[in-house]
Amino acid sequence: MRDDTTVTPMIRLTRVSYDIGITKILTDVSLDLAPGKPTLLLGPNGSGKTTLLKLLMGLLTPTSGAISNTRDLRKAFVFQKPVMLKRSVAANIAFALSATKRDASQATISSLLRRVGLEHLHDRPARKLSGGEQQRLAIARALALNPMLLLLDEPTASLDPTATKAIEDIITSAANDGVKIIMATHDLGEARRLAGDIIFLARGRLGEHTPSPNFFTRPSTPDAQHFLAGDLII
Amino acid sequence: MALNHIRKAVVVIALLALASPAFAQDKSIVVASTTSTQDSGLFGHILPLFKAKTGIDVKVVAQGTGQALDTGRRGDADVVFVHAKSQEEKFVTDGFGVQRFDVMYNDFVLIGPKSDPAKITGSKDINAGLKAINTTQSPFVSRGDKSGTHAAELALWKAAELNPATSKPTWYREIGQGMGAALNTAGSMNAYVLADRGTWISFKNKGDLGIAVEGDKKLFNQYGIMLVNPAKHPQVKKDLGQAFVDWVISAEGQNAIRSYKIDGQQLFFPNADQAAMKKAG
Amino acid sequence: MRAPFLDFASAIQLLINGDATLGAIVKLSLLVTLSATALAALIGMPLGALVALTRFKGRSAVIVILNGLMGLPPVVVGLLVFLTLSRSGPLGTLGLLFTPTAMVAAQAILITPIIAALSRQVIEDLWTEYEPEFAALHIGTRQRITALLWDSRFSLITILLAGFGRAAAEVGAVMIVGGNIDGFTRVMTTSIALETSKGNLPLALSLGMILIAIIMIVNALAWSVRQWAERHAG
């Protein structure tokens, strides 16, 4: 499927496996990820989506296989349940900026907050925000690192449609600004709305990596067909 | 901004910590003495007079006589002022004190509850009194803290040919605390207790307690004073300490002791040896 | 026993008249205990942070010992300090026995384990919470420690108050090492013990009330500062 794109990959996985003890979490995953529209990561719970994201971020090291980046690839990560620092909204952004060489001026902070629609909550204690607002602040914190690759682990899980829409809009606009998005979701509708291409995982193996329309109209593996049909894959 | 706050806090804390050893230290001596002299208020009366004359601050650490002598033995006091003559003489013989001087006396009194289970109230015979307590198995509180009063109490039992401190009958209760605590305990359990008259007169929580036996010559209570030997402990403030010893046994110090009264009652009777005074002077 | 309240008015009178002796005792109590708390914080907090943030052999043993030392008996601490500072002891030449400095030392030794053990717990709990975000944001070691201390500052203040309360309420150790010398090392607790032994129970009780009131006032002040700071620092 590597020939789907003519652009050089940002990041390449070669036969990557990840085990915890004798439990195999991911087995033999090889794929190239190229700049462009968001890549959506689908698969049932326990299929290895979060592990794959953490491997891509470098938070985990593969048990075997190799991951190679283009040089100086700036990456950022948003956890499914991000932890807010016990500080104001603005101070959370400032803290993330302090880890970079970027200037941490009020203007930078305000512009980041504007990108996620939280500028009106500038001085609010971060832990007092709603779930959706905290997720947006976490995205702003990740954007503060000025990433070329942004990894998101189910950012809209358990959010209402309004909050989900707000986050999807932020993701779309970040993608339009040239940030490569890789995002796990279990929401097929969200994948349809956002994805350029789809990675489908089942039982720790790569099921498919294909442009989004192909996946929904002509799934090539039985696992993917069952998944789309809403069957349990055991 | 956060860092700045932390820096400020650290500076404040450091200043506070540094300030702690900076308590004033001027012309002063440490006197290890007994709870009876302190609790009776004697020091509160005579020390300001001494300070006015000499400018010397006297810091009194009030302990039982045994503990006070030990404080002197370790070199943690400059002067020891206690009431257990034989222990004091041993202290000097062992080389820990320079010379012992008689200062004053008062007397012990046997305190008991109004109910008087041993039927001894009004007696002047301490021997008979203790024997009656033993016979009737009436509760008795002992200091049990190696203080001068404790030593005197043990000597009195011995004179009465009894030894409850060893046989430990249930009516004999050693509390291992000071005079005031012993009186509080005796008051709350209707027990007899041996006390020095000074502490008894000034004691504020008498309740149902009263004097049962007094006036026996055996109840005589002599106080002595001595400078801790600078030959053993070079840091002893020899001159200041000796100045205090000299003043206490001088006519002026003796008058100060004589003039201390509570409710018109004199608590301590000065009896410094005039010959010794001259020798010391 | 007669009701000790009958004489309560006399103690109140002492207070109203601004009795000089009582004032000096209160002042010394505060000076000794605040110095001891500051000293214990200076040692205990970095120690707690160090144990919280580092992994080394025997760490569990250190934690068990620190936690156990929270229950140090004051009398034993007093005795150890006494034997150390006595003229016949190893630090006898300093001449510190029966001085306020000795009392500060005893109280500081008593509460340093409390401050260290509780700080370790608070910082480690926050560290567990923050660690993934710190990793994803590429936060450096020094910045991590600063952020953890800063964000647990309100809990750390409560820990300081716990230490202050324990030191202020303590009588065994300061009695032994201070000697309860009138006008020099006499503090609230030793005054209470002395007045009790003199049978002056109403005065002892009233001094106790004053001590409790002082501890309450210190706590109320700290609470107000915390409220103010939380409102302003988010």
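Just so it is clear, none of the values below were taken in a lab; they were calculated from the coordinates. All of these numbers come straight from a predicted model, not from anything done at the bench. No Cβ is skipped: glycine too gets one built from the backbone with ideal geometry, and neighbour counts run over all protein chains shown.
Brief remarks follow.
- Condition met for A:Leu137 (in contact (Cβ under 8 Å) with a residue 24 or more places away in the chain, assigned to a loop (DSSP other than H, G, I, E, B) and aliphatic (A, V, I, L, M)): no
- So C:Arg144, is it under 26 Å from A:Gln135 (Cα atoms) and of a type in the set (Lys, Arg): yes
- Pair list, Cβ under 6 Å, 6 or more apart: segment A:50-61 residue touching a residue at least 40 places away in the same chain (Cβ under 8 Å) and within 17 Å of A:Arg12 (Cβ to Cβ), other residue among the aromatic types (Phe, Trp, Tyr) and crowded, with 18+ Cβ neighbours inside 10 Å: A:Met57/A:Phe77
- Look at segment C:27-50: where a residue is touching a residue at least 24 places away in the same chain (Cβ under 8 Å) and a partner is of a type in the set (Lys, Arg) and surrounded by 23 or more Cβ atoms within 10 Å (Cβ to Cβ), sitting 6+ places away or on another chain with Cβ atoms under 7 Å, you get C:Gly48/C:Arg120.
- The set of residues in segment B:38-72 being charged (D, E, K, R) and touching a residue at least 24 places away in the same chain (Cβ under 8 Å) consists of B:Asp39, B:Lys53, B:Asp57, B:Lys59.
- With respect to the conditions (1) more than 11 Å from every other protein chain (Cβ to nearest Cβ); (2) in a loop (DSSP other than H, G, I, E, B); (3) in contact with a strand residue (DSSP E or B) (Cβ under 8 Å, 6 or more places away or on another chain), A:Ala66 falls short on a single one, namely (2).
- Single condition B:Ala212 does not satisfy, out of (1) in a strand (DSSP E or B); (2) under 21 Å from the mean Cα position of the chain (by Cα): (2)
- Subset of segment B:71-100 [charged (D, E, K, R), facing another protein chain (nearest Cβ under 10 Å) and in a helix (DSSP H, G or I)]: B:Arg73
- Any hit, segment B:185-207, residues being within 8 Å of another protein chain (Cβ to nearest Cβ), in a loop (DSSP other than H, G, I, E, B) and among the small types (Gly, Ala, Ser): yes
- B:Ala118 of a type outside the set (D, E, K, R), surrounded by 21 or more Cβ atoms within 10 Å (Cβ to Cβ) and in a helix (DSSP H, G or I): no
- Condition check for B:Thr149: farther than 19 Å from B:Gln63 by Cβ, in a helix (DSSP H, G or I) and β-branched (Val, Ile, Thr): no
- The condition of being more than 14 Å from chain C (Cβ to nearest Cβ) and in contact with a helix residue (DSSP H, G or I) (Cβ under 6 Å, 6 or more places away or on another chain) holds for only one of A:Thr156, A:Thr172, A:Thr108, A:Thr164, that being A:Thr156.
- Selected residue (criterion: farthest from B:Gly215 (Cα to Cα)) from residues of segment B:121-138 that are assigned to a loop (DSSP other than H, G, I, E, B) and polar (S, T, N, Q): B:Gln137
- In segment C:80-102, of all residues being in contact with a helix residue (DSSP H, G or I) (Cβ under 6 Å, 6 or more places away or on another chain) and facing another protein chain (nearest Cβ under 9 Å), the one that is surrounded by the most Cβ atoms within 10 Å (Cβ to Cβ) corresponds to C:Leu97.
- Boolean, B:Asp196 is among the acidic types (Asp, Glu), on the phi < 0 side of the Ramachandran plot and surrounded by fewer than 24 Cβ atoms within 10 Å (Cβ to Cβ): no
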